[in-house]
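Data first, discussion second: the structure below is written as C-alpha cells.
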Amino acid sequence: MQIDFQSIFLNLQTYWAKQGCVILQPYDMEVGAGTFHPATTLRSLGPDFHWKAAYVQPSRRPTDGRYGENPNRLQHYYQFQTIIKPSPANSQELYLGSLQAIGLDIHKHDIRFVEDDWESPTLGAWGLGWEVWCDGMEVSQFTYFQQVGGIECDPVPLELTYGLERLAMFIQGIENVYELDWDGVPASEGGKLYGDIFNLAEKEFSRWNFELADTAILLSHFNDAEAECAHLLSVEPALPLPAYDQCMKASHLFNLLDARGVISVTERQSYIGRVRQLAKGCCEAWVAKTAESNSS
Amino acid sequence: MSELFIEVICEEIPARMQKNAIRHMAEFLSSRLSEHGLLDTRSAAEIKSAIGPKHMAVSVSGVIKQQDDRVVEKRGPKIGAPQQAIDGFCKSAGILESQLVTRQTNKGAFYFAEILEKGRHSETLIPELIYNFVAEFPWPKSQRWGTSRLSWVRPLHYINVVLDGALLPGILDLGGGMSIEFTNAGYGHSAYHNTPFEITGFEQYVNKMRELDVLVDLQERQNFILKNALKIAEQKGLQLRQDDTLLAEVCGLVESPNVLCGRIDDTFMILPDEVLVTSMRVHQKYFALEDENGKIAPYFLLVADRKPDTQHDALILKGNERVLRARLSDALFFWNADKATHLREYRKKLGDITFYKGLGQVSQKVDRMEALAALIARYIPECSEVDAFQAAGLSKSDLVTGMVGEFPELQGVMGSYYASAYDVATPQVVAIRDHYCPQGADDKLPETAEGIAVSMADKIDTLVGFFGINVKPTGSKDPFALRRAALGILRMIDERSISLPLDEVLSKAAHLYDFDSFEDDLALFITERLKVRLRDQGISHDVVSAAIIDADIHNLQIQIEKVKAIDKMLDTPAGIKLLEGWRRASNILAAEAKKGNNNADLTQTSIEVIDTASPDVSLFQLPAETQLYEAALLLPDDVGENEIYGTIQSFSALYEPITKFFETVIVNDDKPEIRKNRLNLLSLVCTKIHTIADLGKIEK
C-alpha cells in the first residue's frame with residue numbers, strides 16, 4: 001500500500017484518538033523536539049494521574065541543516081509525539097498497532113527494540129527504552145520517562161516519538177526526503193512533493209542558521225529569555241506556563257548560537273546548565289502550583 | 001526429584017546485559033533455595049538456564065516441598081530468677097513451666113525452652129524468594145513503569161513458576177497497586193503466536209519455545225547464527241570477518257535468528273575497509289565478509305528476527321540495503337570532504353578542542369608531543385627523529401574531520417588515510433595510524449620505531465599533565481585510562497627493549513607544560529604499574545618488591561631485566577645458598593644493632609653499613625675472612641647497563657665464600673676489635689648484595 005505523507009500523521013492521529021488520546025496541535029514556538037511541548041514536559045509531572053495526548057510537532061535542529069542538498073538531513077522536520085501516563089501494560093502492543101495503522105505489516109517486516117536510553121540534559125530528564133528498528137531503519141524512539149526537570153515521574157509516562165519523514169521514506173520506499181509524496185495527488189493535478197513545500201525553506205534557513213544570524217542579537221535574546229523566565233518564576237504566585245515559554249525560547253536560541261559556531265566546548269556545558277536551571281525551575285513551580293490547585 | 005522452574009517475561013532486555021543477568025538469576029535462585037533448606041543435600045542440584053531478549057528462565061532440580069522441622073533452643077532466665085521472669089519467658093515461648101529444661105552454661109545454669117519449629121512449605125517460601133529476587137536484582141540500570149514501586153530493567157509482565165510440573169501459585173506485589181500473579185503460561189515468538197502453552201518443566205519449555213520460533217538458549221542462537229553466517233560466506237567463496245563482540249550483541253537482539261546476505265553498492269567500495277566495517281557494525285550491527293586477502297567484499301550479513309520466507313526476506317533485505325546506502329552515503333561524503341584538506345590545515349582547528357580543563361587545548365598537546373617524540377626517538381634504535389616529530393605534529397588532526405566526528409573509534413586510522421592522500425612519508429603515515437596502540441595488555445604495539453616514539457610521547461604527555469593537576473586514578477576509578485597509558489609505555493620499553501631515561505623525558509614533558517617538574521607520585525605510580533605487570537607475567541610478588549626500586553624510572557629496561565635475572569638466580573642452588581648466607585649475616589647485624597652498639601637500625605630491611613669503617617685486612621685471622629672480603633670487593637657497586645644477567649650471576653657466586661665463612665669463622669671473638677672487624681666485613685657483604693636487591697623482602 002502506497003501511503004502519502006499527510007495520511008501517515010492523519011492515520012496516527014486517528015489511531016491514537018481511538019486509544020483515548022487528546023489530539024493537540026503543534027506548540028506555537030520553535031523547539032528542538034516534541035518532548036519540549038508542555039503537553040509532554042509539564043504534564044509528565046502533574047497534575048493529572050491520567051494524561052494521554054498525541055500531536056505533530058515541527059522540530060528545529062539548526063545544526064542539521066544541509067542547504068537542502070542532503071537527502072536525509074533537515075534543519076526543520078516533523079515529529080509525531082504520543083504521551084501516555086501511566087504507561088499502560090500493553091505499551092508495546094499499542095505501538096505496534098500504530099505501525100499497522102500506517103500500513104506497516106509487522107509480520108512482514110523485521111521489527112526490533114534496540115537499547116537506547118534517552119536523556120535530555122537541557123530538560124534535566126531521562127528515561128529507559130529503545131530505538132525501534134524496522135528492517136534496519138530507526139523509525140521511533142520508545143521511552144519510559146523516569147525524571148523530568150530533575151523530578152521523579154510518578155506515575156511513569158510512556159513517550160513515543162516517530163520521525164515522520166523517515167517513517168514515510170521507509171513506507172514509500174524512497175531515498176530522498178524531498179521526493180516524498182505529500183498528498184497522494186498526481187503532480188499533473190497540482191499534487192505536491194515534500195521538496196515543493198520545504199526545499200526553499202531548507203536553503204534559506206540553512207543560510208540564516210549558519211551564516212547570517214546576528215549572534216549579538218541572539219545572545220541578548222538568550223539573556224532576556226533567561227531573565228524573563230526567572231522573573232516569572234519569582235512573582236507571587238509563580239507563572240510556570242509563561243515561564244516555560246521563555247525556557248523553550250532560551251533553548252532554541254542556544255541551538256542557533258551553537259549552529260553559528262560561537263559556543264566553545266567549555267561554554268556549551270555552561271549554556272546547557274543554564275537552560276536546565278530554567279527547565280527545573282519551571283517544572284518545580286508547575287508541580288507546586290498544580291498540587292495546590294488540586295488540593296483546594 | 002522436584003524441579004523448580006521459573007521464567008520471567010519482560011520487554012526487551014538490552015543485549016549487553018543478558019549474559020550477566022542469567023548468570024545472576026541462576027546463582028541467586030540456587031543459593032537462596034539452599035540457604036532456606038529447600039534443596040536436597042544428598043545430591044548436587046542440577047541448574048539449567050536460558051535467556052533471550054524477553055525471556056529469562058532457570059530450573060533447579062532437587063527442590064523439596066517442605067523444610068525439615070527443627071528444634072530451636074531459646075535461653076530463658078537464670079535458675080533462681082524471680083517467678084515473674086520465668087512466667088514471662090514461658091508465655092513468650094508459648095510453653096508450660098513444666099516443659100522448661102535446665103542447662104549449664106559458662107555463665108551459670110539457665111532455663112531453656114525447646115521449641116519445635118515446623119518446616120515451612122516451599123509454596124510460601126518461593127513467592128518470598130521471588131520477591132527478593134526481583135527487588136534485589138542488580139541491573140546496571142533499571143526503571144519503574146505504570147505506578148510500580150519496584151523497578152526492573154524494562155517493564156516486567158509475567159512470572160511463570162512451575163514446581164514438579166504444576167503451577168506454584170503466588171503473587172508478586174510491585175507496589176503502587178500493581179501486581180503479577182504467577183502463571184505457567186509460555187509465549188512463543190510474538191510476531192507469529194499469541195496463545196500461551198502450559199509449561200511443565202525446563203526441557204519441555206525449551207523444546208516448545210523452539211517449536212514456537214524462539215531459540216531461548218543464548219548459546220544455541222550463537223551457534224545457529226555463526227553456522228549460517230559461515231555457510232553463506234562459503235557459498236560466496238568468501239570469509240566471515242570475525243567479530244565476537246558483534247556476535248554476542250546480535251545474539252541478544254533476536255529470538256528467531258535468520259541470517260540474510262545483502263549487497264553493498266559498488267560506489268561505496270572505494271571507502272577504506274575500516275570505514276565500511278565500522279559503519280556497518282556500529283549503526284546497523286551487520287557482519288562483513290572478506291576475500292582471501294582480507295579485503296572487504298561488497299556484501300553484508302544481517303541477522304533478522306523473523307522466520308525465513310522468500311518474499312519477506314527480500315523485503316527485509318531491500319529495506320536494510322536502503323538504510324546502508326544512506327549510512328554509507330554519509331561516510332562517502334565525509335571521506336571526500338575530509339580528503340579535500342591537508343592534515344596540516346586540520347591541525348589549526350585543534351585549538352577549538354579542549355584536551356582537558358586545566359591542560360589546555362589539543363593543539364597545545366600536539367605541540368608538546370612533537371618535542372617529546374623527537375626526544376624519545378633519539379633513544380630508539382633506527383628511529384627517524386624527523387619522522388617522529390612530523391608524525392606527532394599530524395597525529396591528532398583527524399579529530400576534527402567529519403569521519404572521526406561520526407566514528408570516534410576510527411581516530412588514527414583516518415589520519416593515516418588522509419595523510420597518505422597527501423604523500424606524507426610512509427613512516428609518518430604508519431606512526432599516525434598506530435600511535436593510540438597499545439590499548440591494554442593484549443593490544444598490539446605500534447609496528448614501527450616512529451610509531452613507538454609518537455605513542456610514548458602521547459601517553460607521557462597525558463600522564464604528566466593529569467598528575468600535574470592532581471587528577472589521578474583512585475581505586476577502581478580511572479576515567480582517563482592513566483593506568484592503561486602507563487602500561488602501554490612499560491610494554492613498549494620491555495617488549496622493544498628500549499633503553500629510555502624516562503625521568504629525563506618526564507622532566508621535559510613537565511617543562512613543556514610549564515610545570516616545575518613532574519610529580520614524585522608519577523614515578524611511584526609508574527614503578528607500581530611495573531610491579532603489577534611483572535606479577536601478571538608470573539614473577540612472584542616478593543621478588544618484584546625486592547628488586548624494583550620504587551620511583552626509580554631512570555632506566556626501566558634495566559629494572560625489568562634485573563628482576564627477571566634475580567628471579568632466575570633465586571631458583572638456582574647458588575641463589576638459595578646466597579639468600580641463606582645473607583639472612584644469617586643480616587640477622588647477626590640486626591641483633592647487634594638492637595643491642596645499641598651501633599647507630600644503624602638493621603632490623604629494617606634497608607641495609608646500612610654497620611660502621612663507616614671498612615674491615616681492616618690486617619685484623620683478619622682466618623683464610624675464609626680474606627676470601628669473603630676479596631670476593632665482595634670484586635663485585636660491582638651498581639648493576640650497570642649491560643650484561644645484567646651476568647652481573648646478577650656474579651653476585652650469586654658470593655654464596656661460596658659466605659658459606660665457608662659461616663662454617664669456619666665465629667663472629668663473636670673474645671677480642672672486641674676482631675669481633676668488630678668481622679661485623680664490618682658482614683656489613684660490607686650485605687651492602688654489596690643490596691646493590692641488586694633488598695633480599696629482606698624475599699619470603700621463601
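The values are calculated or read from the model by the stated rules, or taken from the named source; none is laboratory data. Since the structure is predicted, the reported quantities are computational estimates derived from the model, not experimental observations. Because the Cβ atoms are built from the backbone with ideal geometry, glycine has one as well, and the counts that use them run over all protein chains shown.
Quick look at the values:
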quantity: Failed condition for B:Val254, given (1) within 14 Å of chain A (Cβ to nearest Cβ); (2) surrounded by 15 or more Cβ atoms within 10 Å (Cβ to Cβ); (3) touching a strand residue (DSSP E or B) at 6+ places or on another chain (Cβ under 7 Å); (4) not in a loop (DSSP other than H, G, I, E, B); calculated: (4)
quantity: Filter pass, A:Glu115 being touching a Pro at 6+ places or on another chain (Cβ under 6 Å), crowded, with 17+ Cβ neighbours inside 10 Å and either within 30 Å of B:Met17 (Cβ to Cβ) or within 13 Å of chain B (Cβ to nearest Cβ) (or both); calculated: yes
quantity: Restricting region B:413-428 to residues that are without any contact (Cβ under 8 Å) to a residue 24 or more places away in the chain and closer than 19 Å to B:Glu370 by Cα, the residue that is surrounded by the most Cβ atoms within 10 Å (Cβ to Cβ); calculated: B:Ser416
quantity: Some residue of region A:60-76 being in contact (Cβ under 8 Å) with a residue 60 or more places away in the chain, of a type in the set (Val, Ile, Thr) and assigned to a loop (DSSP other than H, G, I, E, B); calculated: no
quantity: Any pair with Cβ under 9 angstrom, 6 or more apart, that starts in region A:264-276 at a residue that is within 14 Å of chain B (Cβ to nearest Cβ) and in a helix (DSSP H, G or I) and ends at one that is modelled with pLDDT of 95 or more and surrounded by 12 or more Cβ atoms within 10 Å (Cβ to Cβ); calculated: A:Arg268/A:Phe254
quantity: Residues that are acidic (Asp, Glu) and either touching a helix residue (DSSP H, G or I) at 6+ places or on another chain (Cβ under 7 Å) or more than 11 Å from A:Lys108 (Cα to Cα) (or both), drawn from region B:306-335; calculated: B:Glu321, B:Asp330
quantity: Out of B:Glu625, B:Glu608, sole residue that is at pLDDT below 90, among the charged types (D, E, K, R) and surrounded by 12 or more Cβ atoms within 10 Å (Cβ to Cβ); calculated: B:Glu608
quantity: Which listed residue, of B:Lys74, B:Lys48, is part of a strand (DSSP E or B), under 36 Å from the mean Cα position of the chain (by Cα) and either within 14 Å of chain A (Cβ to nearest Cβ) or not polar (S, T, N, Q) (or both); calculated: B:Lys48
quantity: Residues that are in contact with a Leu (Cβ under 9 Å, 6 or more places away or on another chain) and within 19 Å of B:Phe137 (Cβ to Cβ), drawn from region B:32-48; calculated: B:Arg32, B:Leu33, B:His36, B:Ile47
quantity: Single residue of B:Gly37, B:Gly88 found to be surrounded by 13 or more Cβ atoms within 10 Å (Cβ to Cβ), more than 14 Å from every other protein chain (Cβ to nearest Cβ) and at positive phi; calculated: B:Gly37
quantity: Matching option when the condition is at pLDDT 95 or above, among the charged types (D, E, K, R) and within 38 Å of the chain's Cα centre (by Cα), among B:Glu211, B:Glu181, B:Glu198, B:Glu203; calculated: B:Glu203
quantity: Residue within region B:663-678 that is in a helix (DSSP H, G or I) and within 12 Å of B:Ala585 (Cα to Cα) present; calculated: yes
quantity: Residue in region A:121-131 that is more than 9 Å from chain B (Cβ to nearest Cβ), closer than 30 Å to B:Arg149 by Cα and touching a Leu at 6+ places or on another chain (Cβ under 7 Å) present; calculated: no
quantity: Residue that is under 24 Å from A:Glu152 (Cα atoms), more than 19 Å from the chain's Cα centre (by Cα) and either free of Cβ contacts under 8 Å to residues at least 24 places away in the same chain or surrounded by fewer than 18 Cβ atoms within 10 Å (Cβ to Cβ) (or both), where the choices are A:Ala89, A:Ala101; calculated: A:Ala89
quantity: Counted residues, region B:546-568 - those being surrounded by fewer than 18 Cβ atoms within 10 Å (Cβ to Cβ), farther than 20 Å from B:Val464 by Cα and not β-branched (Val, Ile, Thr); calculated: 1
quantity: Set B:Arg32, B:Arg16, B:Arg23: member being part of a helix (DSSP H, G or I), within 14 Å of chain A (Cβ to nearest Cβ) and modelled with pLDDT of 90 or more; calculated: B:Arg16
quantity: In region A:134-165, the residues that are more than 9 Å from chain B (Cβ to nearest Cβ) and without any contact (Cβ under 8 Å) to a residue 24 or more places away in the chain; calculated: A:Gln147
quantity: Candidate set: region B:286-308, residues that are crowded, with 22+ Cβ neighbours inside 10 Å and aromatic (Phe, Trp, Tyr); chosen: the one farthest from the other protein chains (Cβ to nearest Cβ); calculated: B:Phe287
quantity: Failed item in (1) assigned to a helix (DSSP H, G or I); (2) of a type in the set (A, V, I, L, M, F, W, C); (3) under 28 Å from A:Glu152 (Cα atoms); (4) more than 11 Å from every other protein chain (Cβ to nearest Cβ), with A:Val56 passing the rest; calculated: (1)
quantity: Unmet criterion (only one of (1) farther than 26 Å from B:Ser142 by Cβ; (2) facing chain B (nearest Cβ under 10 Å); (3) surrounded by 23 or more Cβ atoms within 10 Å (Cβ to Cβ)) for A:Ala168; calculated: (2)
quantity: Options A:Ser120, A:Ser140, A:Ser220; residue that is among the hydroxyl-bearing types (Ser, Thr, Tyr), modelled with pLDDT of 95 or more and out of contact with any Phe, Trp or Tyr (no Cβ under 7 Å at 6 or more places or on another chain); calculated: A:Ser220
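One line per residue, one yes/no per condition, for (1) aromatic (Phe, Trp, Tyr); (2) under 24 Å from A:Ala125 (Cβ atoms); (3) surrounded by fewer than 23 Cβ atoms within 10 Å (Cβ to Cβ):
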site: A:Phe145; (1), (2), (3): yes, yes, no
site: A:Gln172; (1), (2), (3): no, no, yes
site: A:Lys192; (1), (2), (3): no, no, yes
site: A:Glu202; (1), (2), (3): no, no, no
